[in-house]
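Engineer: Below: one structure in structure tokens.
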Amino acid sequence: MLSLVSILALAASTASAHYTFPSLTGTSDWQAVRQWTGYQSNGPVTNVASLDIRCNVGASSKSAPLTQTVAAGGRITFNAAPNIYHPGPLMAYMARVPAGQSASTWDGSGNVWFKIFEQGPTYGSTLTWANNGYTTVPFTIPAATPPGDYLFRIEHIGLHSASAANGAQFYISCAQIKVTGSGSGSPGPLVAFPGAYKATDPGLKINIYYPVPTNYEMPGPSVWRG
């Protein structure tokens, strides 16, 4: 069982290590990923009611120079800089760009986002997070994904300070991609950012150190697997 001193030490040791997701494998930083305001700080978003929760600070209204092509059923890989450090879940969302717009012009507004991946903890004397230390983060585009332009949103949530509301730290990037293939699925459920989360959601307001949780409720909708 962890003592109060141990809990405080764990929290302190993770207080200053931040990270970003600036690129897709095969591209340079901020070429296919939207560059957000203040990215040099590596700092997180903490307000789930803010527009910043969508693609990070100011990134919804920006565009990246490139749109990366990936086949439905294929893999897309984000690079972390320097690496995922904090304990917490890893998720990925996609949003199909409406007709008449492109991945480089659309802001991702509305109930349009569907989750394609989530990775929670394993349980024991502490919670263990498989993504801790990741420098590259691969995802598979569901094979049934319809062709077209999409925004692809990676999200890692640091839970080291999440015992109070708005203590969870969101590390987010949005990439611009074009999905090819003949997929004809109907992705869902669809959610909006902001709107998908509340600061008091049990997966966002949680003490992960003591007492050690025996279950964890992933934030957001269920995963669409195509």
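The values are calculated or read from the model by the stated rules, or taken from the named source; none is laboratory data. If you're wondering where the values come from, they're calculated on a predicted model, not measured in any experiment. When we count neighbours, we look across all protein chains shown, and the Cβ atoms used for this are built from the backbone with ideal geometry, even at glycine.
Engineer: For Ala49, are the conditions met, namely being out of contact with any helix residue (DSSP H, G or I) (no Cβ under 9 Å at 6 or more places or on another chain), more than 25 Å from Ala143 (Cα to Cα) and aliphatic (A, V, I, L, M)?
Structural biologist: Details: out of contact with any helix residue (DSSP H, G or I) (no Cβ under 9 Å at 6 or more places or on another chain): yes; more than 25 Å from Ala143 (Cα to Cα): yes; aliphatic (A, V, I, L, M): yes.
Against the criterion (out of contact with any helix residue (DSSP H, G or I) (no Cβ under 9 Å at 6 or more places or on another chain), more than 25 Å from Ala143 (Cα to Cα) and aliphatic (A, V, I, L, M)), Ala49 qualifies.
Engineer: Going by the structure shown, is Ile84 in contact (Cβ under 8 Å) with a residue 24 or more places away in the chain, closer than 22 Å to Leu204 by Cβ and assigned to a loop (DSSP other than H, G, I, E, B)?
Structural biologist: Details: in contact (Cβ under 8 Å) with a residue 24 or more places away in the chain: yes; closer than 22 Å to Leu204 by Cβ: yes; assigned to a loop (DSSP other than H, G, I, E, B): yes.
Taking the combined requirement at face value, the residue satisfies it.
Engineer: Quick one: would you say Ser109 is in contact with a helix residue (DSSP H, G or I) (Cβ under 9 Å, 6 or more places away or on another chain), over 27 Å from Gly133 (Cα atoms) and either outside any strand (DSSP E or B) or at pLDDT 95 or above (or both)?
Structural biologist: Details: in contact with a helix residue (DSSP H, G or I) (Cβ under 9 Å, 6 or more places away or on another chain): yes; over 27 Å from Gly133 (Cα atoms): yes; either outside any strand (DSSP E or B) or at pLDDT 95 or above (or both): yes.
Yes.
Engineer: Right, another one. Anything in the range 74-108 that is more than 17 Å from Pro147 (Cα to Cα), β-branched (Val, Ile, Thr) and within 16 Å of the chain's Cα centre (by Cα)? List them, or say none.
Structural biologist: Thr77, Ile84
Engineer: Let me ask another. Just wondering, is there one or more residues in the range 196-207 that are among the hydrophobic types (A, V, I, L, M, F, W, C), assigned to a loop (DSSP other than H, G, I, E, B), in contact with a Gly (Cβ under 7 Å, 6 or more places away or on another chain) and in contact (Cβ under 8 Å) with a residue 40 or more places away in the chain?
Structural biologist: To start, the set of residues in the range 196-207 that are among the hydrophobic types (A, V, I, L, M, F, W, C) comprises 196, 199, 204, 206.
Going one step further and asking which of them are assigned to a loop (DSSP other than H, G, I, E, B), we end up with 196, 199, 204, 206.
Narrowing further to those that are in contact with a Gly (Cβ under 7 Å, 6 or more places away or on another chain): 196.
If we keep only those that are in contact (Cβ under 8 Å) with a residue 40 or more places away in the chain as well, we get 196.
Scanning the range 196-207, I find at least one residue that is among the hydrophobic types (A, V, I, L, M, F, W, C), assigned to a loop (DSSP other than H, G, I, E, B), in contact with a Gly (Cβ under 7 Å, 6 or more places away or on another chain) and in contact (Cβ under 8 Å) with a residue 40 or more places away in the chain, so the answer is yes.
Engineer: Also, quick follow-up: Does Ile76 meet the test of being outside any strand (DSSP E or B), within 17 Å of Pro22 (Cα to Cα) and not hydroxyl-bearing (Ser, Thr, Tyr)?
Structural biologist: Values: outside any strand (DSSP E or B): no; within 17 Å of Pro22 (Cα to Cα): yes; not hydroxyl-bearing (Ser, Thr, Tyr): yes.
No: the conditions fail for Ile76.
Engineer: Another one. Criterion first (over 28 Å from Gly185 (Cα atoms), buried (at least 21 other Cβ atoms within 10 Å of the Cβ), among the small types (Gly, Ala, Ser) and modelled with pLDDT of 95 or more) does Gly88 satisfy it? Working first, answer last.
Structural biologist: On the way: over 28 Å from Gly185 (Cα atoms): yes; buried (at least 21 other Cβ atoms within 10 Å of the Cβ): yes; among the small types (Gly, Ala, Ser): yes; modelled with pLDDT of 95 or more: yes.
Taking the combined requirement at face value, the residue satisfies it.
Engineer: Exactly one of these conditions fails for Pro202: (1) in contact with an Asp or Glu (Cβ under 7 Å, 6 or more places away or on another chain); (2) surrounded by 18 or more Cβ atoms within 10 Å (Cβ to Cβ). Give me its number.
Structural biologist: (2)
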